[in-house]
Amino acid sequence: MASDAPAAAPSQVEEGAAPRDRSDGAADGRRRARRSRRYRLDVKWSPYAFVAPFFVFFLAFGLFPLLYTGWASLHRVELTAPTDMEWVGLRNFSRLIEDEFFWNALKNTVTIGLISTVPQLLIALGIAHLLNYRLRGSMFFRVAALTPYATSVAAATLVFVLLFGRDYGMINWALGLAGIDNIDWQNGEWTSQLAVSTIVIWRWTGYNALIYLAAMQAIPNDLYESAALDGASRLQQFIHVTVPSLRHTILFTCVVSTIGATQLFGEPLLFNGSAGATGGADHQFQTLGLYLYEQGWVNLHLGRASAIAWSMFLILLVIGAVNWLLARRLSKSA
């Protein structure tokens with residue numbers, strides 16, 4: 001009997017442990033199934049959760065204001081009573097066609113946009129070309145080029161107001177050394193627009209230069225080496241290699257700069273603080289953004305201001321369509 005006891009003990013242990021092993025295996029299987037289900041749900045819905053905040057803010061601060069201003073543009077409504085709307089159809093838009101101040105603001109916007117955009121992009125292209133070569137302290141120059149963009153528009157404009165002062169401005173002082181009389185920058189039509197454009201050029205040239213620099217660094221070095229073997233100078237390489245390779249980037253910066261010029265507001269508003277939203281005594285540098293502000297927040301005509309806002313939106317749609325057509329043509333030619 002003593003010899004049978006040790007042989008029976010292992011079988012009893014195995015028989016007693018079998019139910020526990022089966023229950024543990026079933027629990028592990030359920031846990032794996034739950035983890036697999038959570039993983040599938042995470043893979044499926046996490047991307048939507050990550051992008052959801054953008055769409056929430058876009059609906060609240062982008063789409064809703066756009067639709068509301070579109071509805072308000074079809075009504076006569078005052079800012080003091082935004083819920084009291086009187087249907088007028090397209091009357092607010094037809095009044096803009098007959099409004100000389102609207103056309104003056106549009107003309108000023110186009111003029112300031114051209115004066116500021118063309119020199120700005122040319123200077124930015126030259127700066128990027130210089131920074132593309134190995135220079136000592138190139139990182140310092142890149143940060144310095146971006147500094148004006150990071151500067152507050154209010155601070156930058158107030159500094160330029162002092163520089164363009166009629167009696168004590170540094171620019172008139174420098175012109176006086178050359179024998180030129182003091183210029184009333186704020187009250188002249190072309191002088192005021194040139195001064196406002198100078199602020200825009202100073203703020204945005206470095207930003208566009210870094211965009212051009214990033215595009216230049218993506219150009220293969222083989223193109224430059226081939227041009228150098230053919231005897232091309234650095235200027236010829238820039239004209240025949242760099243500029244053609246930057247066609248899409250140049251088009252992008254032209255469109256973005258044009259959109260920014262259409263929405264220009266802070267610089268002309270602060271350039272002549274006493275004039276407020278009128279853009280000078282004779283509206284000589286009043287842009288579409290200033291005219292919208294004057295109609296909506298000074299004259300309290302919310303319906304007219306909404307019509308101006310939608311007119312600007314339609315202008316931007318035209319600019320976007322032109323950009324699309326040019327981009328397609330460039331892609332086909334490439």
Relative contact order of the chain (C-alpha contacts under 8 Å, at least 6 apart) in percent is 25 percent
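Run the helix sum for the chain: -39,500 (n - 2.57) per DSSP H stretch of 4+ residues, divided by residue count, reported at 222 nm to the nearest 500 deg cm²/dmol.
Working: 14 runs with 237 residues, N = 334.
-24000 deg cm²/dmol, from helical runs alone.
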Amide H within-cut-off set for HIS75, under 5 Å, with H built and near neighbours excluded: VAL88
Share of pairwise Cα separations in the stretch 96-221, more than 25 Å, in percent: 41 percent
Report the relative contact order of the stretch 105-235, percent, no decimals, based on alpha-carbon pairs under 8 angstrom and at least 6 residues apart. 39 percent
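By the gyration tensor of its Cα atoms, with a ≥ b ≥ c the square roots of the eigenvalues, what is the shape of the stretch 149-252: rounded for a/c under 1.5, prolate for a/b over b/c, or oblate? Can you show the working numbers first?
Values: a/c = 3.66, a/b = 2.28, b/c = 1.60.
Verdict is prolate for the stretch 149-252.
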How big is the stretch 175-334 by the Kirkwood estimate over distinct Cα pairs, in Å? 19.1 Å
Which ³J(HN,Hα) values in Hz, rounded to whole numbers, follow from the phi angles of the stretch 178-184 under the Karplus curve 6.51 cos²θ - 1.76 cosθ + 1.60, where θ = phi - 60° and Gly and Pro get x? 8, x, 9, 5, 4, 10, 7
Inverting the mean 1/r over all pairs of different Cα atoms, compute the Kirkwood radius of the stretch 172-217 and quote it in Å. 12.8 Å
Which percent of the accessible area of the stretch 239-290 is formed by carbon and sulfur heavy atoms (probe 1.4 angstrom)? 65 percent
Assuming 1.567 mPa s and 4 °C, estimate D for the chain with Stokes-Einstein, Rh taken as the Kirkwood radius over Cα pairs, in µm²/s. 51 µm²/s
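I need the peptides 44-51, 190-197 ranked by packing, meaning the mean over residues of other C-beta atoms within 10 angstrom, with the highest value on top. All intermediate terms of the calculation are to be shown ahead of the outcome.
Values: 44-51: 9.6, 190-197: 21.6.
In decreasing order of mean packing, 44-51, 190-197 become 190-197, 44-51.
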Non-local amide H neighbours of MET85 (under 5 Å, H modeled in plane, Pro and chain starts lacking H): which ones? none
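Report the Rg/Rh value for the stretch 226-267, based on alpha-carbon coordinates and the Kirkwood definition of Rh. Walk me through the numbers before you get to the answer.
Details: Rg = 16.1 Å, Rh = 12.4 Å.
Taking Rh as the inverse mean 1/r over Cα pairs, Rg/Rh reads 1.30.
Compactness ratio of the stretch 69-143: Cα Rg over 2.2 N^0.38 Å, N = residue count? Show your work: numbers first, answer last.
Working: Rg = 23.1 Å, N = 75, 2.2 N^0.38 = 11.3 Å.
Taking N as the residue count of the stretch 69-143, the ratio is 2.04.
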Listed residues ALA52, ALA214, ALA150; largest mean-square fluctuation, Gaussian network over the chain with Cα springs below 10 Å, found at ALA52
Separation between the ALA27 and GLU100 pseudo-spin-labels, each 7 Å from Cα along Cα→Cβ, expressed in nm? 9.0 nm
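For the chain, what does the accessible surface come to per residue with a 1.4 Å probe? Please give it in Å². Walk me through the numbers before you get to the answer.
Numbers: 20720 Å² over 334 residues.
Per residue, the chain has an accessible area of 62 Å².
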Mean separation of Cα contacts under 8 Å (6+ apart) over length of the stretch 152-218, as relative contact order %: 20 percent
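The values are calculated or read from the model by the stated rules, or taken from the named source; none is laboratory data. Predicted model only: the values in this text are computed from it and were never measured. Backbone-built Cβ (ideal geometry, glycine too); neighbour counts: all protein chains shown. Heavy atoms of the whole protein, side chains included, go into the accessibility calculation; ligands, DNA and RNA do not. Shrake-Rupley method; radii C 1.70, N 1.55, O 1.52, S 1.80 Å.
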